[in-house]
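A short write-up of the structure that comes next.
Laboratory data are not the source of any read-out in this text; all were calculated from the coordinates shown. Since we're looking at a predicted model, the values are computed, not measured. Here the Cβ positions follow ideal geometry from the backbone for every residue, glycine too, while neighbour counts run over all protein chains shown.
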Amino acid sequence: MASEAADLGVADANVWVEITGRFDPDLITARTGIEPHRVQKYGASTRIPGRIASEDRWSLREEVTSGDFGPALLAVIGKLESMGAALKDLNERGARTEVIVEAYVVGRPDSVIPRLYLHAETLRRLAALEVRLAVDISLLEEDDS
């Protein structure tokens, strides 16, 4: 993560796109030309030992490199808009698309959470894409080492 975010006491901050359901994740990549951060296929082993994926998953990630979620959120929205018919087809076939704004914040007095302003235009763009928005802010214990 960029030094500005680290200096603010933010351990990790990202904006994710998670598309889940039953579909071929490789086909999304082929149709859109967008390289995913992670792909999980139905029936494959997951990162949790002994667990099998109950659905397909295609994920994008934009790292927050400052004290503001805005640039990463707008980048993710732009990528989703560029997916056009591929995203619409997935939605029509029952796939779920969620944009997740997440930050893991170090628990110390000078830590700050990156700013998140949801302007009307941003909300309109998300609604037009028929995606859900989630905010996940987690407080981590400060590492004394």
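Place the peptides 41-48, 69-76 in order of packing, highest mean first, counting for every residue the other Cβ atoms within 10 Å and averaging per peptide.
The most tightly packed comes first, giving 69-76, 41-48.
What order do you get for GLU18, GLU63 when you list them from fewest to most C-beta neighbours inside 10 Å?
Numbers: GLU18 20, GLU63 14.
Final ranking by Cβ density, sparse to dense: GLU63, GLU18.
Summing -39500 (n - 2.57) over the DSSP H runs of n ≥ 4 in the chain and dividing by its residue number, what mean residue ellipticity at 222 nm do you reach, to the nearest 500 deg cm²/dmol?
Taking each H run of at least 4 residues, the total per residue is -9000 deg cm²/dmol.
Working from Cα positions, state the angle (0 to 90°, nearest 10) between the long axis of helix 120-129 and the longest principal axis of the chain.
Approximately 30 degrees, to the nearest ten.
Rounded, prolate or oblate, given the Cα gyration tensor of the stretch 36-87, with a/c below 1.5 counting as rounded?
oblate
I need the semi-axes of the equivalent ellipsoid of the chain: take the C-alpha gyration tensor, multiply each eigenvalue by 5, square-root it, list largest first in whole angstrom. Intermediate values should be presented prior to the final figure.
Numbers: eigenvalues 165, 81, 28 Å².
Over the Cα atoms of the chain, the semi-axes work out to 29, 20, 12 Å.
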